[in-house]
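Every number in this text was worked out from the coordinates using simple rules, so none of it is lab data. In this text the structure is predicted, and so the values were computed from the model without any measurement. Here the Cβ is made from the backbone with ideal geometry for all residues, glycine too, and neighbour counts use every protein chain on show.
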Amino acid sequence: MVEQTFSPPADSVLWNKDFLIGAATAAYQIEGAIHEDGRLPSIWDTFSATPGKTLAGDTGEVACDHYHRWEQDVELLASLNVGAYRLSISWPRVMTLDGQPNQKGIAFYRKLLKALRAKGLQTYVTLYHWDLPQHLEDKGGWVNRDTAYKFAEYADMISRELKGLVDAWATLNEPWCSAMHGYGTGHHAPGKQDVVFATQAMHHLLLGHGLAVKHLRANDPSAQVGIVANVGRGTSTDSSAIGQRAAWLFELQHNNWVLDPLLKKSYPSALWELWPGAEPTILNGDMDIIGAPLDFLGINYYFRTNVVSDGKHGYTEVDLEGVERTQMGWEVYPDGLRHLLVGFHRDYPNLPPIYITENGMATDDAVVDGEVHDEQRISFLNRHLEAVNQAVKAGVDVRGYFIWSLMDNFEWAFGYERRFGIIHVDYATQKRTLKRSAKLVTQFLAERSAKN
Ligand code: FCB
């Protein structure tokens, strides 16, 4: 691929210094040190140690060894000129079996957050990026309503401990993935496979979110409070009403299943046509808790999915030929991001300000003569940032964008083979190397601050 440049159009919102540009990671994907300082086992330790669950049997046992190399990583991050860092806290690291604070684990995040602040970086902290303590899964995990209350206790405790060090708290990362891949398809931990579990898990995740919001606001009033949802664009090459309904259902299942309860205090009823009999148990008052006002909504976007009707109530995914794809096999489709943002703005009158909390791609990167030419990623970032710019021009209140990811890391069921970072990690030596994408983003941000 020819060498790409990174230069947003002169009138792009990206040139506005208040438009936040950051990079993101998650605890289990980078930290390693799974047995240190009293950390308890998580569902991802169990799942990834189970033969056949991850590519090459990879686990997060060492990952990027960030738990020990965090100072160097903060230096690197700050050298990119970004304005913010999105990280997650490992629940099993900070809470003991009997629900007390684990001060050794908490100390890690305290020093990390202080170092980020000292570098002038804003801190976007996710409380739950998929690493449920295993002892809670042993009692039913998110299918058990009690886990929602346990999550609220954790949110209460950690926001007291870390108050004043966080700019924005996000309760959950991608409840759709936790519910669907964790309890429906079984692709993710804990690997359960029943749609009835998935819908009940979703309800308890969202309930946990709503309960946590109250504590976060009370304990840390100066921080923003929100949640992060993954969204997908669904289209169909079948232009018939049946084909278009399939595409509509795809988006309903992926996007509205999560956004409607949060922003309309109800689940879309068509879900129960798609999954007859899978309606979760909802207690009086739950939907009001779930629909508590948000300061921001985090949106994670990666690709478009093409579907056709399955001839019954649902849809089937059919891969399009001849489209650009990433190392994950995901279609590169920037306009999907613009389209979805404009649609949410139209459909949800109370849509809070949006941050793109994840966007990026995996490439099969290698260091050659000290350099990593990730040209496809540069082009991907350019095009998706332009899609965001267009959404802003169309009236959507998007305030920032986080690249997934700061560095190559443990990509869940795909292990270490899939490289999403703008910084390359050599897992044998733990050497970090800035990819060309990181260098161009850095250069752009330097130019931007010189202009402002
Ligand atoms: C998202 C996850 C994130 C990362 C990217 C590629 O679904 O939130 O941790 O794995 O996908």
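Enumerate the helices in the chain for which the Kyte-Doolittle hydropathy averages -0.5 or more and the C-alpha atoms extend at least 18 Å along the helix's axis, using complete DSSP H runs.
Those that pass (Cα extent of 18 Å or more, hydropathy at least -0.5) are 103-118, 195-219, 334-347, 436-451.
Under a straight-distance cross-link criterion of Cα-Cα below 22 Å, which lysines are reachable from Lys114, leaving out those fewer than 8 residues away in the same chain?
Within reach: Lys104, Lys163.
Identify, among Met1, Ala63, Leu351, the residue whose Cα sits farthest towards the positive end of the charge dipole of the chain, taking +1 on the Cβ of Lys and Arg and -1 on the Cβ of Asp and Glu, with the dipole about the Cα centre.
Going by the Cα projections, it comes out as Leu351.
Holding the Cα-Cα limit at 29 Å, pick out from Lys17/Lys265; Lys192/Lys435; Lys119/Lys439 the pairs that are longer than that.
From Lys17/Lys265; Lys192/Lys435; Lys119/Lys439, over 29 Å: Lys17/Lys265; Lys192/Lys435.
So which aspartates and glutamates pass the test for Lys214, namely a Cα distance under 19 Å, with those fewer than 8 places away in the same chain ruled out?
Hits, sequence-local ones excluded: Asp146, Glu153, Asp156, Glu161, Asp167, Asp286, Asp288, Asp295.
Rank Ala23, Leu121, Val367 by how far each Cα sits towards the positive end of the charge dipole of the chain (+1 on Lys, Arg Cβ; -1 on Asp, Glu Cβ) and give me just the farthest.
Checked the options; the winner is Leu121.
From the phi of every residue in the stretch 231-240, what ³J(HN,Hα) in whole Hz does the Karplus formula 6.51 cos²θ - 1.76 cosθ + 1.60 yield, where θ is phi - 60° and glycine or proline is x?
10, x, 8, x, 9, 9, 6, 7, 7, 5
Where in the chain is the longest stretch that carries no GluC sites (Glu not before Pro) classed as loop by DSSP and with at most 10 other Cβ atoms within 10 Å?
That would be 4-320.
How much mean residue ellipticity at 222 nm does the chain get from its helices, if each DSSP H run of length 4 or more adds -39500 (n - 2.57) and you divide by all residues, to the nearest 500 deg cm²/dmol?
-11000 deg cm²/dmol, from helical runs alone.
Amide H of Gly298: which non-local residues (sequence gap of 5 or more, or other chain) have their own amide H closer than 5 Å, using H built in the peptide plane?
Amide H neighbours of Gly298: Ile227, Val228, Ala229, Tyr355.
Taking the Cα centre of the chain as origin, work out the dipole magnitude from +1 charges on Lys and Arg Cβ and -1 charges on Asp and Glu Cβ, in debye rounded to 20.
Magnitude of the dipole: close to 1180 debye.
Roughly what % of DSSP beta bridges within the chain run antiparallel, to the nearest 5?
Looking only at bridges with both residues in the chain, the antiparallel portion is about 25 percent.
What is the set of long-range amide H partners of Asn409 at a cut-off below 5 Å, with H atoms built 1.01 Å from backbone N?
Phe420, Gly421
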